[in-house]
Structures are given as structure tokens and as C-alpha cells.
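Notes for the one structure printed next.
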Amino acid sequence: MTQLLKKIKGNTYYLKGPVNIGVYVYEGNSCVVVDTGIDDDAGRKLLKAVDAMGLEISAIINTHSHADHFGGNGIIVKRTGAEVMTTKIEAAIIANPYLEPFYLFSAHPLKTLQNKFLMGKESRVDRYIETGEYELGSVKINIIDLKGHSPGQIGVATPDGVLFTADAYFSSKIIKKYRLPYFTNINDTIQTLKMLKEMEYEYYLPCHGKCAEDIHDEIKMNLDAIYETIDFIHKKLVKPMSREEIVASICKEYGIKLSINQYYLTHSCVSAFLSYMTDEGMLKALTENYQLKWVVAKG
């Protein structure tokens with residue numbers, strides 16, 4: 001049987017897929033997995049991969065609460081009894097997936113938004129995990145604060161010098177294709193990207209991209225994409241515009257094809273830019289003709 005898990009180094013592996021799933025083996029045949037994919041099928045594939053190596057999943061660490069990162073939790077927990085861990089704020093959504101389409105829509109969401117891409121299968125969370133060292137038997141892994149894409153997002157660093165970076169940055173392929181990577185807090189994202197640039201792990205594995213030894217070019221592309229959008233918004237808002245008008249302008253400029261899902265994800269990301277730019281004094285919000293609009297703040 002072909003081994004499905006790919007070795008990165010030492011006891012650190014991953015299962016390649018639409019969402020790369022991290023696996024760290026310790027104390028013989030126990031392993032902790034980092035994320036579980038979008039649904040039961042992804043969970044089954046992970047179970048097949050670890051079974052093929054004679055491994056048993058003892059714990060799941062969810063890096064954040066987007067549906068494609070915890071959708072396989074349920075079937076894995078059912079079959080293995082694995083402990084589920086994540087940060088406190090992400091746990092709220094993993095245990096109550098309705099909250100994701102709810103906050104995107106700002107109310108009870110449209111039925112079309114209640115899909116597996118925006119509302120994963122509910123999972124219990126057994127333990128809140130914080131940044132710092134976490135003991136796995138006789139070894140320790142490090143939980144790294146990588147917030148920005150999601151408010152409580154974390155990365156996982158193994159003793160082999162491998163950092164699972166979750167969605168802290170996106171591959172150059174994704175940046176070139178979409179130009180507007182999804183981040184919910186721009187200040188946190190910028191700080192996280194700058195921190196990653198200074199880190200010295202041997203290998204970095206994003207959830208959407210290839211394992212790499214050097215991520216400086218990828219980080220630069222992510223930062224450049226953020227600064228490009230800031231510059232675009234700043235130039236557009238020489239006259240007041242509503243958030244919907246700004247979303248439409250960005251989608252037209254970047255060639256973003258809108259479904260209802262994509263509209264609300266884009267709307268959320270644009271909101272993050274407006275919040276950041278307003279807090280930084282670049283923009284100001286005002287009400288005009290019964291609408292909330294933004295305009296360049298003049299010093």
C-alpha cells in the first residue's frame with residue numbers, strides 16, 4: 001500500500017490535500033493531528049493514512065474554526081476518542097458552527113450560506129489551548145500565535161523544526177489568482193507575517209500550499225497584496241463610498257467572480273481593511289443619505 005502520509009522530517013508528517021493536515025508521531029504509535037479537513041470524507045482519508053502506518057490518533061489540534069479545518073473532527077473523535085483542542089475563541093465556533101455564517105451575514109443567515117464550506121459539522125472541544133509549550137508524553141510541541149486570518153488562529157511547531165502555519169499566509173499561486181487573501185484583522189495579520197519572516201524553522205507547511213524551507217518570498221507577496229488593497233481603497237475614497245460600493249469596486253478591479261458565498265467572504269475581508277484603515281487614521285466613517293460611508297481622513 002502506498003504511504004499516504006508524507007514525511008517532512010523526523011516524526012513530522014502531513015497528509016496532502018485541499019487542506020494540508022499535519023501529523024506528529026510520539027511515544028511509539030501515538031500521534032497528534034493538526035486540523036482534519038472539511039468533512040467526513042477528509043476524516044476517513046486521514047484515518048486510512050494513519051492506520052496504514054499503524055498509528056493511533058490521540059489528539060486533534062484545530063488551528064482555527066473555518067469549516068475546512070475541523071469538518072473531519074466528528075468521525076475521527078467517534079472512531080478514536082481523540083481529545084480536541086483549540087483556542088477559546090475558535091472553540092466557540094467549532095462547537096457552534098452556525099456562528100460562522102451568522103457573523104458573515106450579521107443575522108440569521110440565508111439558507112444558501114448554511115453549507116459545508118461556511119458551516120462545518122459540529123464538534124465537541126475538550127480543551128482550550130494557549131500559546132506556549134504543550135506536553136505530549138515526554139516531548140513538547142509549541143503553540144504559536146498566528147492570529148489575523150482568524151482571531152484565535154494558532155500554528156503548531158514540532159521538535160523536528162517544522163511549523164504548521166495554518167492560514168497565516170497563502171501561496172504565491174493563490175495570491176496571484178485571487179489578489180485579495182482572506183484576513184479578518186489586518187493589523188494582526190501584518191504583525192503575524194512580519195513575525196513569520198523572522199522565524200528560523202527548518203520547514204514551513206501552510207494549509208493551502210507547499211512545504212518550504214524558505215517562505216520569505218511568500219510572506220512578501222502576502223504583505224504586498226495587503227498594501228496594494230490599502231492603496232487601492234485609499235485612492236478610491238477621495239469621495240465618500242459605502243462598504244457595498246467599495247466591495248463592488250474591488251471585485252471589478254481584481255476580477256473577483258461573485259457567488260453569494262464569495263460576496264460575503266469578500267464583504268468580511270473588505271470590512272477588515274476599513275476597520276484597520278479607520279483605526280490607523282487613514283479613513284473616517286460618516287453617515288450620509290441614511291448610509292454609512294467611508295472617506296479619506298484629511299489631517
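The values are calculated or read from the model by the stated rules, or taken from the named source; none is laboratory data. What you are looking at is a predicted structure, and each value in this text was computed from that prediction instead of being measured. Here the Cβ positions follow ideal geometry from the backbone for every residue, glycine too, while neighbour counts run over all protein chains shown.
If I ask for residues that are out of contact with any Phe, Trp or Tyr (no Cβ under 8 Å at 6 or more places or on another chain) and either modelled with pLDDT of 95 or more or surrounded by 15 or more Cβ atoms within 10 Å (Cβ to Cβ) (or both), which ones from segment 173-191 would you list? Of everything in segment 173-191, those that are out of contact with any Phe, Trp or Tyr (no Cβ under 8 Å at 6 or more places or on another chain) and either modelled with pLDDT of 95 or more or surrounded by 15 or more Cβ atoms within 10 Å (Cβ to Cβ) (or both) turn out to be ILE174, ILE175, TYR182, PHE183, THR184, ASP188, ILE190, GLN191. Taking the condition among the charged types (D, E, K, R) and touching a helix residue (DSSP H, G or I) at 6+ places or on another chain (Cβ under 6 Å), does LYS147 pass? When the stated conditions are applied, LYS147 passes them. In segment 262-272, is there at least one residue being within 16 Å of TYR182 (Cβ to Cβ) and free of Cβ contacts under 8 Å to residues at least 12 places away in the same chain? Scanning segment 262-272 turns up at least one residue that is within 16 Å of TYR182 (Cβ to Cβ) and free of Cβ contacts under 8 Å to residues at least 12 places away in the same chain.
Across segment 261-299, the qualifying residues are those that are basic (Lys, Arg) and surrounded by fewer than 17 Cβ atoms within 10 Å (Cβ to Cβ), and the one among them that is modelled with the highest pLDDT is LYS284.
If you go through segment 199-225 and pick out every residue that is in a helix (DSSP H, G or I) and surrounded by 17 or more Cβ atoms within 10 Å (Cβ to Cβ), you end up with 5. Out of all the residues in segment 226-248, is one or more farther than 22 Å from PHE105 by Cβ, buried (at least 16 other Cβ atoms within 10 Å of the Cβ), among the polar types (S, T, N, Q) and touching a residue at least 40 places away in the same chain (Cβ under 8 Å)? Within segment 226-248, one or more residues are farther than 22 Å from PHE105 by Cβ, buried (at least 16 other Cβ atoms within 10 Å of the Cβ), among the polar types (S, T, N, Q) and touching a residue at least 40 places away in the same chain (Cβ under 8 Å). For segment 115-129, the set of residues classified as within 20 Å of THR184 (Cα to Cα) and without any contact (Cβ under 8 Å) to a residue 60 or more places away in the chain consists of MET119 only.
A single member of ALA67, ALA52 is over 24 Å from GLU133 (Cβ atoms) and under 22 Å from the mean Cα position of the chain (by Cα), and it is ALA67.
Looking at this structure, is TYR276 of a type in the set (Ser, Thr, Tyr) and under 30 Å from TYR13 (Cβ atoms)?
So TYR276 does not fit the description; no.
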